[in-house]
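To keep things clear, I will list the structure first and then write my remarks on it.
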Amino acid sequence: MNLMERTDRIVYLDVLRGFALCGILFVNMPSFLGERLTSEMGQADQVLRLLFDLFIQTKFYTLFSVLFGAGFILFIDRLRVKGKSLWIFVRRLSILFVFGLIHLLFWKGDILQTYALSGFFLLLFVKTRPTAKLFVGIALQLYTFFLYVSIYMYARSEGDQSIVEPDGTIQELVASRQFIDYISYHATVQLPQALSNTLTIFPEILSLFLIGAYLMERFTIRPPATRTLALIFGISLVLSFPALYQIIRIHQGPVPDGLANYFFVWLSGRTLAVTYAAGVALLLRSGRSLSGFQVLGRMALTNYLMQTMVFTALIFLTGMYGTIPLWQGTLSVIVLLAVQVVFSNWYLNRHRQGPIEAVWRAGTYGRTK
């Protein structure tokens, strides 16, 4: 199977997007249910938290960001073929930004507004060579790396501390089921904070966009050979081992969720994201359909927003925030993903794209297709 096999869509991108969406839900779930200090968790939850840090945390937003950059190239190429204006891309990002602002009314961790604001800067690279995109992308990654190194060194010299901040306000609002006040709190406190955080992580997100754009231009016509993919898989996996070892070591210490731990979690996210991307490509090359991931990926925006709505409903129905064990949340994630696979498959058998995707498209082009 050709890695870039496509009719009007690229199968590999849909599958990888669906795979990344699954990881994103595992990452977001603790925030949906209320963050807790690792030291206050039960033994089972502490083991799960370690597994999350080793294999999930930071790995999947990396994949999603690279995929966004790849999608940018596809979208711009289609505009060129059709002789359309780049203002359509601006309109597309503007709608995504609005989606993100609405999403922030329910949950502080939205990434859509970050992608939209960072995406505007991709327009500066429309006419640049692929190597220029790669150069700037790597330069911004190096900037991010040294920023995290400085934070790590600060933690080592001044003493590490947990970066988890339980939110007592939301806990009170959920316990008393004050939904309107919950929305108001997000609008007045969480939304401005999220926009401020976007400014902080913007260089890293843009760098991943540019790397994804480079890879899309580089490998669309001539995908990498299977042997090359296997080599990339093996090398990136081996390069992950030192950071993974440090994560295990830190989790055995007094501050398992501090700045030092996050540095190595972030570092392992660079390499394991490559491992996962190469692994998915190898599975497709071997003939695996991975159709469950594919349908999730085709409706990624709808499913992403649906996940927030489901967990928001869950905390208000139970009145519990910051008290649900991580293992129970993990089971909830597995059940929800299974339901989303069934729903996405059912919906796509009847419609060309997901409902939110259809709204996004209609707003982008001013019509449905």
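The values are calculated or read from the model by the stated rules, or taken from the named source; none is laboratory data. Predicted, not measured: the structure shown is a model, and the values here were computed from it. Heads up, the Cβs are rebuilt from the backbone with ideal geometry, glycines too, and the neighbour counts pull from every protein chain shown. Areas reflect the complete protein model, heavy atoms only, side chains present, ligands, DNA and RNA absent. Shrake-Rupley method; radii C 1.70, N 1.55, O 1.52, S 1.80 Å.
Structure notes:
- Tally, over the stretch 268-280, of residues that are more than 16 Å from the chain's Cα centre (by Cα) and either open to solvent by 20 Å² or more (accessible area, probe 1.4 Å) or of a type in the set (Asp, Glu) (or both): 0
- Close Cβ contacts (under 7 Å, 6 or more residues apart or on different chains) running from residues in the stretch 285-308 that are within 18 Å of VAL359 (Cβ to Cβ) to residues that are among the small types (Gly, Ala, Ser) and at pLDDT below 95 are absent.
- Residue pairs meeting the criteria (Cβ under 7 Å; at least 6 apart or on separate chains; first without any contact (Cβ under 8 Å) to a residue 40 or more places away in the chain, in the stretch 120-131; second of a type outside the set (S, T, N, Q) and in a loop (DSSP other than H, G, I, E, B)): LEU123/LEU86
- Pick from the stretch 94-128, criterion at pLDDT 95 or above and either touching a Cys at 6+ places or on another chain (Cβ under 8 Å) or among the charged types (D, E, K, R) (or both), ranking: farthest from PHE202 (Cα to Cα): LYS108
- Any hit, the stretch 107-117, residues being open to solvent by less than 50 Å² (accessible area, probe 1.4 Å), of a type in the set (Phe, Trp, Tyr) and in a loop (DSSP other than H, G, I, E, B): yes
- Note on the stretch 63-113: residues that are under 16 Å from THR364 (Cα atoms), charged (D, E, K, R) and in contact with a helix residue (DSSP H, G or I) (Cβ under 7 Å, 6 or more places away or on another chain) total 2.
- Scanning the stretch 261-298 for residues that are of a type in the set (D, E, K, R) and more than 14 Å from THR228 (Cα to Cα) returns ARG270, ARG288, ARG298.
- Yes/no for SER240 being open to solvent by less than 60 Å² (accessible area, probe 1.4 Å), in contact (Cβ under 8 Å) with a residue 40 or more places away in the chain and of a type in the set (Ser, Thr, Tyr): no
- Residue check for LEU283: closer than 23 Å to PHE99 by Cα and either open to solvent by 30 Å² or more (accessible area, probe 1.4 Å) or aliphatic (A, V, I, L, M) (or both): no
- Here THR302, THR308 are screened, and the one residue that is touching a His at 6+ places or on another chain (Cβ under 7 Å), crowded, with 17+ Cβ neighbours inside 10 Å, at pLDDT 95 or above and among the hydroxyl-bearing types (Ser, Thr, Tyr) is THR308.
- Within the option set VAL359, VAL341, being in a helix (DSSP H, G or I), within 19 Å of the chain's Cα centre (by Cα) and farther than 30 Å from SER176 by Cβ holds for one residue only, VAL341.
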